Amino acid sequence: MKKTILIRTCFLISLVFIVTQSFGQTDFQSKLFKDFVKTENGKYTAEENGFVVSIKANILEIKITASCPTTVMSRDNFILTFSSFGNSMIASALKNINDQGNEELVLVRRDKPIGPADITIQIEMNVNGLNYKVTAKGYQGSNTLTWDQFFFAN
């Protein structure tokens, strides 16, 4: 029990150090007002880069991209769908890679990737639902969900 508390404490101290070093000299106001969703040619697009920190896994570089025609949904719903689905896919991909799905994970966002992504998630939304593709170490999968399945799946 004490060993677990010590490990978690060391992990959190390390995480604070990493985040402080990564963003220590950053203008947070410019980050908070930066618009990460672009609207071009009648389509919303977004890209998120970052890395996942966990106790058992190494730091993993993440890249999530999404697109959707502006006629399918509002910008707010695009952001909500992109964020929630992207985060659930990261957790699922980690579970498939190293059985890390039940561990506390921290996603640290970055403006640009540091290197090639260990986990890439591509989300394409359309009037019928969404298509997604996940690529990770030793794993590649894709699927299509209707909006009914996305919002009301058990």
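The values are calculated or read from the model by the stated rules, or taken from the named source; none is laboratory data. Quick caveat: nothing in here was measured; it's all calculated off a predicted structure. So basically every Cβ, Gly included, is an ideal-geometry build from the backbone, and we count neighbours across all protein chains shown.
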Note to self: Within segment 37-44, does at least one residue satisfy the condition of being surrounded by 15 or more Cβ atoms within 10 Å (Cβ to Cβ), closer than 22 Å to residue 144 by Cα and modelled with pLDDT of 85 or more?
What the structure shows: yes
Notebook entry, point to check: Residue check, residue 26 against (1) surrounded by 13 or more Cβ atoms within 10 Å (Cβ to Cβ); (2) assigned to a loop (DSSP other than H, G, I, E, B); (3) modelled with pLDDT under 80, all met but one. Which one?
Noted result: (1)
Margin query: Take the conditions in contact with a Phe, Trp or Tyr (Cβ under 9 Å, 6 or more places away or on another chain), at pLDDT below 90, aliphatic (A, V, I, L, M) and under 25 Å from residue 130 (Cβ atoms) and apply them to residue 90. Does it pass?
Written below: no
Item checked: Qualifying residues in segment 126-149 (those that are in contact (Cβ under 8 Å) with a residue 40 or more places away in the chain and in a loop (DSSP other than H, G, I, E, B)) - the one farthest from residue 90 (Cα to Cα) -> 127
Notebook entry, point to check: Residues 64, 123, 79, 55: which one is assigned by TED's automatic domain parsing to the domain that holds residue 39, modelled with pLDDT of 90 or more, under 28 Å from residue 28 (Cβ atoms) and touching a Phe, Trp or Tyr at 6+ places or on another chain (Cβ under 6 Å)?
Noted result: 123
